[in-house]
1. Within segment 68-114, how many residues are closer than 23 Å to Val40 by Cβ and either out of contact with any strand residue (DSSP E or B) (no Cβ under 8 Å at 6 or more places or on another chain) or open to solvent by 70 Å² or more (accessible area, probe 1.4 Å) (or both)?
2. Quick test for you: out of Leu21, Leu55, Leu13, Leu44, pick the one residue that is more than 24 Å from Ala131 (Cα to Cα), hydrophobic (A, V, I, L, M, F, W, C), open to solvent by 10 Å² or more (accessible area, probe 1.4 Å) and in a loop (DSSP other than H, G, I, E, B).
3. Taking segment 24-41 as the search range and keeping residues that are assigned to a loop (DSSP other than H, G, I, E, B) and within 15 Å of the chain's Cα centre (by Cα), which one is surrounded by the most Cβ atoms within 10 Å (Cβ to Cβ)?
4. Please name all residue pairs, on different chains or six or more residues apart, with Cβ atoms under 6 Å, provided the first residue is in segment 150-174 and is farther than 30 Å from Thr205 by Cα and the second residue is of a type in the set (A, V, I, L, M) and surrounded by fewer than 24 Cβ atoms within 10 Å (Cβ to Cβ).
5. Can you pull out the residues in segment 159-211 that are of a type in the set (A, V, I, L, M) and open to solvent by 30 Å² or more (accessible area, probe 1.4 Å)?
6. In segment 159-187, which residues are assigned to a helix (DSSP H, G or I) and more than 16 Å from Arg101 (Cβ to Cβ)?
7. Can you work out which of the residues in segment 118-128 that are open to solvent by less than 60 Å² (accessible area, probe 1.4 Å) and out of contact with any strand residue (DSSP E or B) (no Cβ under 8 Å at 6 or more places or on another chain) is farthest from Ala74 (Cα to Cα)?
8. Can you spot a residue in segment 221-235 that is open to solvent by less than 20 Å² (accessible area, probe 1.4 Å), of a type in the set (A, V, I, L, M), over 30 Å from Pro36 (Cα atoms) and touching a residue at least 12 places away in the same chain (Cβ under 8 Å)?
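The values are calculated or read from the model by the stated rules, or taken from the named source; none is laboratory data. Computed from a predicted model, the values in this text were never measured in an experiment. Cβ atoms come from the backbone with ideal geometry, glycine included; neighbour counts cover every protein chain shown. Side chains are part of the model used for accessible areas, which takes the heavy atoms of the whole protein and leaves out ligands, DNA and RNA. Shrake-Rupley method; radii C 1.70, N 1.55, O 1.52, S 1.80 Å.
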Amino acid sequence: MKLAFSTLGVPGLPLPDVLSLATAHGYHGVELRAHPEEPVHPGLTPAERAEAAALFRAAGVEVVGLAGYARVAAAGEDGPVLAEIRELVRLAHDLGAPFVRVFPGAGPDVPREEADALAARRLGAAAEDAAALGVRILLETHDSHRTGADAIRILGPVGHRHAGALWDVLHTWLGGEQPDDSYAALAPHLGYVQVKDVASAEDTTPLPLGAGAVPLAECVDVLTRRDWDGWLCWEYEKRWYEKAAPLEELLGEGREYLARLLGEAA
């Protein structure tokens, strides 16, 4: 497995500095938070996109994916949601990123079957466009569909190889799902895996990997036993928790912790 971290942990940091952190601490890739307050977002010009891609190539670091915020199960018309996803897909293509992250985002008042069908219809439509550009759209286990069992209700009916899953291990754990069960549900669709750690279900302030209660060892063990060889991406939510320790101070120990888990599971 290859190791990456998300720029959610280093809000607003310029790309050269992000890449310096990756190379200094032995990370093979970076997940880019695609938001207007970040250096990379769909509003970039063609020249700016080319410059960003060149920086990654020169550093020998891969763009794992773009973390977008489209919500495929949200109430409303399909058009704006599909337009947002297509913008992200084009940006990913221009940067050489294989994946785009989307959220479920169903509202609490929408019946489950309706939300599932809405999300599946949108993902199916967007996957056709993504396939033409060589990008996969990944539905993250998050919010209204936080477990693998939830996500598969959407992905199963889509049945398109360019619509897949992003396993956020925090959310499947918060949803009460065991790692074996999460993997079993998501495996046919799995793009990559986000790892993180927190103290408890009640206190989700980000912690250094291995310092909290999330069953990271079990998750890595499941992936290793199944010979999965994709990305493990550390999503440290510094953007939402300003008082959390700086990610820059934790990256080295975090990589060593993940490397140790991989070694013990092998």
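1. 10
2. Leu13
3. Per the stated criteria, the residue is Ala34.
4. So the pair list comes out as Pro157/Ala120; Val158/Ala120; His160/Ala127; His162/Ala127; His162/Ala131; Ala163/Ala127.
5. Listed by number, the residues that qualify are Leu174, Ala184, Ala187, Ala199, Ala201, Leu207, Ala211.
6. Correct list: Trp173, Leu174, Pro179, Asp180, Asp181, Ser182, Tyr183, Ala184, Ala185, Ala187.
7. Ala125
8. yes
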